[in-house]
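**Student:** Once you've had a glance at the structure underneath, I'll fire off some questions.
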Amino acid sequence: MLIKTPQKSFLRESAVTDESLFQERRILLKKMGFLGAGTLLSSAGSNKVSARFFNDDDVKFSTQKLHYSQDELNVHLIKTPEQKVVSHNNFYEFGAKKHQPAELAQHFNVNPWQLTVSGECDKSITLSYDDLINMFALEERIYRFRCVEAWSMVIPWIGFSLASLLTKVAPNSKAKYVAFETLYDPKQMPGQASRFLGGGITYPYVEGLRIDEAMNPLTLMSVGLYGKTLPPQNGAPIRLVVPWKYGFKSIKSIVAIKLVEQQPPTTWNRLAAKEYGFYANVNPTHDHPRWSQASERRITSGGLLTRNRIPTLAFNGYAEEVASLYQGMDLSTYY
Ligand SMILES: Nc1nc2c(c(=O)[nH]1)N[C@H]1C(S)=C(S)[C@@H](COP(=O)(O)O)O[C@H]1N2
Ligand SMILES: [Mo]
């Protein structure tokens, strides 16, 4: 996702360009097999940051098998291959390019973890990593997933409904919206330490839903995909999945969920309100200022030449389940 007008602070930070080039060069050298332990770390001025993000072993983050009930309703959807789901990502905390999260997130620490659910409710709770995996019966949900950049996938997520989590904390009558926040840890997340790598976002990444959207049975807290715990580039250890909305609503690596009375700020809306609304429902009749939303490129097992442009469906194909949430609202005003 690009923003039309970079923030002034983004333009002013001239020094970060060097650091970013440095990082890119390291990735290249690493790919070519030139980078051993410690090499280059003493040769650049801005390398203190880099040294923390690069470990010169090729150890991959390890995922664990999950126990879950299979999705029998959506088996007809042709899944995007796992290899593509875990290597084509948007996770600006680990770089704004599609290949960067898979490369820069492999040493991300997800255990221990704390997810706090609080605000307008009777019983705030804090969940540990083990709670996230074990507290709820896990289900597979095979969902279409549509990015506002007009590519899409079909992903077999594993998780539990957000409703089951919110019910535990007993929201009170002032709980009109739900606000979500991603971890803020620039030591682990290079995009938070460099405005160049991080795409000019002000961190932490935040998102929000109206309470009825949050309670809809389709709204998923995902802890896994393809039968295993989430890899870090997909938002480990826990992320939101809202299948009828553009992908940017599906916030990753969540540490805080807060029930609130007012509509909370959301990251992409804050950056470019004309381009990215609070609701962000997939809508083929409401174009983004710079690209049509009428169709999408479905990422499949085919190569680059595969013809895979398909029409985009209203609410991403989930109109039957969610259109009633927006009755009486003008969806070109509330985009
Ligand atoms: N914290 C955080 N969450 C995020 C993003 C991000 O940059 N940071 N990118 C969003 C966007 S634009 C998309 S399309 C999806 C991508 O999810 P995936 O990489 O698992 O396909 O994550 C969303 N959640
Ligand atoms: Mo996206």
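**Student:** Across segment 190-222, what is the total count of residues that are part of a loop (DSSP other than H, G, I, E, B) and out of contact with any strand residue (DSSP E or B) (no Cβ under 9 Å at 6 or more places or on another chain)?
**Tutor:** Qualifying residue count, segment 190-222: 9.
**Student:** Report whether or not residue 235 is farther than 21 Å from residue 154 by Cα, open to solvent by less than 10 Å² (accessible area, probe 1.4 Å), within 16 Å of ligand 2 (Cβ to nearest atom) and not aliphatic (A, V, I, L, M).
**Tutor:** It is false that residue 235 is farther than 21 Å from residue 154 by Cα, open to solvent by less than 10 Å² (accessible area, probe 1.4 Å), within 16 Å of ligand 2 (Cβ to nearest atom) and not aliphatic (A, V, I, L, M).
**Student:** So, one more: I need every pair where a residue in segment 144-163 that is more than 21 Å from residue 301 (Cβ to Cβ) has its Cβ under 8 Å from the Cβ of a residue that is open to solvent by 10 Å² or more (accessible area, probe 1.4 Å) and within 11 Å of ligand 1 (Cβ to nearest atom), sequence separation at least 6 or different chains.
**Tutor:** 148/1; 148/246; 148/247; 148/248
**Student:** Another one. May I ask you to list the residues in segment 73-105 that are touching a helix residue (DSSP H, G or I) at 6+ places or on another chain (Cβ under 8 Å), near ligand 1 (Cβ under 10 Å from one of its atoms), open to solvent by less than 20 Å² (accessible area, probe 1.4 Å) and part of a loop (DSSP other than H, G, I, E, B)?
**Tutor:** Those that are touching a helix residue (DSSP H, G or I) at 6+ places or on another chain (Cβ under 8 Å), near ligand 1 (Cβ under 10 Å from one of its atoms), open to solvent by less than 20 Å² (accessible area, probe 1.4 Å) and part of a loop (DSSP other than H, G, I, E, B): 89, 91, 95.
**Student:** When residues of segment 175-205 are filtered for being within 30 Å of residue 215 (Cβ to Cβ) and aliphatic (A, V, I, L, M), how many remain?
**Tutor:** Number of matching residues: 5.
**Student:** Within segment 100-151, track down each residue that is within 30 Å of residue 278 (Cβ to Cβ), acidic (Asp, Glu) and away from ligand 2 (no atom under 16 Å from the Cβ).
**Tutor:** Once the filter is applied, which keeps residues that are within 30 Å of residue 278 (Cβ to Cβ), acidic (Asp, Glu) and away from ligand 2 (no atom under 16 Å from the Cβ), segment 100-151 yields 120, 122, 131, 139, 140.
**Student:** So residue 152 fits all but one of (1) part of a strand (DSSP E or B); (2) touching a Leu at 6+ places or on another chain (Cβ under 9 Å); (3) under 26 Å from residue 316 (Cβ atoms); what number is the exception?
**Tutor:** If we test residue 152 against (1) part of a strand (DSSP E or B); (2) touching a Leu at 6+ places or on another chain (Cβ under 9 Å); (3) under 26 Å from residue 316 (Cβ atoms), just (2) comes out false.
**Student:** Quick check on my filter: what residues within segment 245-283 are more than 16 Å from ligand 2 (Cβ to nearest atom) and either open to solvent by less than 10 Å² (accessible area, probe 1.4 Å) or part of a loop (DSSP other than H, G, I, E, B) (or both)?
**Tutor:** Hits for segment 245-283 are 254, 257, 259, 261, 262, 263, 264, 265, 273, 274.
The values are calculated or read from the model by the stated rules, or taken from the named source; none is laboratory data. Owing to the predicted nature of the structure, the values given are computational and were not obtained by experimental measurement. With ideal geometry, Cβ positions are generated from the backbone for all residues, glycine too; neighbour counts draw on all protein chains shown. Accessible surface areas use protein heavy atoms only, side chains included; no ligands, DNA or RNA. Shrake-Rupley method; radii C 1.70, N 1.55, O 1.52, S 1.80 Å.
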